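Enquirer: I have a structure I would like to understand better, so I am pasting it below and will then ask my questions one at a time.
The values are calculated or read from the model by the stated rules, or taken from the named source; none is laboratory data. The model shown is predicted, which means the values in this text are computed figures rather than measured ones. When we count neighbours, we look across all protein chains shown, and the Cβ atoms used for this are built from the backbone with ideal geometry, even at glycine. Quick note on the areas: whole protein, heavy atoms, side chains included, nothing else; ligands and nucleic acids left out. Shrake-Rupley method; radii C 1.70, N 1.55, O 1.52, S 1.80 Å.
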Amino acid sequence: MVALTLGQSSAPYVRSRVEAGDPTTQCLFWTVPKITWYQNRAGNAETKPSGSEFDAVRRSFQSWQTLFAGCGNLTFEEGGLVDDRDVGYDVKADDNRNLVLFRTKRCSDIAPSTDACWKEDTCGNLYDCWSNDSQTIAVTLTTYDEKSGIIYDSDIELNSFGFYFTTADGPSCPTARGGLNCVSTDVQNTMTHEIGHLVGLDHTNALGSTMNPRAPSGEISKRSIDTGSHDFVCTTYPRGIASQGCIAPNAMDSDGSSSLLGRKAATGCASTGAQAWLPALAGWALLLGARRRKERRG
Ligand SMILES: [Zn+2]
């Protein structure tokens, strides 16, 4: 038996696990028939033409919806624009939306280094800022039951502080920021990848995969979902059948409670440029605890 180190797989697709990269743990998956998602109404003011980012996000969801309509068992529905800017899952709240938003400020610039939010990993929501690695384009934060692998909630943050998000089809922008009718960090390219995480995909190094962890400036190829990720949809979410885990439920410790033993997994997606084949960050945190560990992968 070959143990694959996380991030080194070149399989057509790799499913996310309760313990990242540990194939002895359950896979993550949705069991609901419909995933409703929302965008924060602020969008990304920097994107040109103004407001085009909203439709770019919609096109990304539509690409996945098309696959699910062909062979899957769930649908996506847009819930509209909301003021909510909090990511993660609050067990006490009743408005745990699956949210997409752009963070335009960096936490290290506005959250005092002495603030407890750093330790508690809450600076992002508290100060409305990007709290992840500066080289990471976007992060999908998924909350799930650590026994069953069933996903409760998944939110996507885009790093607008570090990247210039565009919606044009080409050519590549000559400068990092501000170009018109050119591609720097494509919204649809980024979002199609992040929605892959939302539905339970991890990174793969398979050539041409939407789930490749790197996205150089100017790239739009991830807009088109690859055949491996397509196979994931048909296999994990088979039409007319329940969504599939990787380990039979009766092989696990089953108290059937599916309670609030949630966890959240933040899957970061690195950039970028010619020189930088940087590792993505995967942050894991206990939902109700302060313990946290990160694994670098790439
Ligand atoms: Zn990623």
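Enquirer: In the stretch 113-133, what residues are of a type in the set (Ser, Thr, Tyr) and either assigned to a helix (DSSP H, G or I) or open to solvent by less than 60 Å² (accessible area, probe 1.4 Å) (or both)?
Expert: Within the stretch 113-133, 122, 127, 131 meet the criteria.
Enquirer: Something else: Here's a check for you: in the stretch 52-73, which residue that is open to solvent by less than 30 Å² (accessible area, probe 1.4 Å), of a type outside the set (A, V, I, L, M, F, W, C) and over 18 Å from the mean Cα position of the chain (by Cα) is nearest to residue 197 (Cα to Cα)?
Expert: 72
Enquirer: Then there's this: From the residues in the stretch 83-112 that are under 18 Å from the mean Cα position of the chain (by Cα) and of a type in the set (Val, Ile, Thr), which one is most open to solvent (accessible area, probe 1.4 Å)?
Expert: Here the residue is 104.
Enquirer: Has the stretch 186-195 got at least one residue that is away from the ligand (no atom under 14 Å from the Cβ), open to solvent by 10 Å² or more (accessible area, probe 1.4 Å) and of a type in the set (Val, Ile, Thr)?
Expert: no
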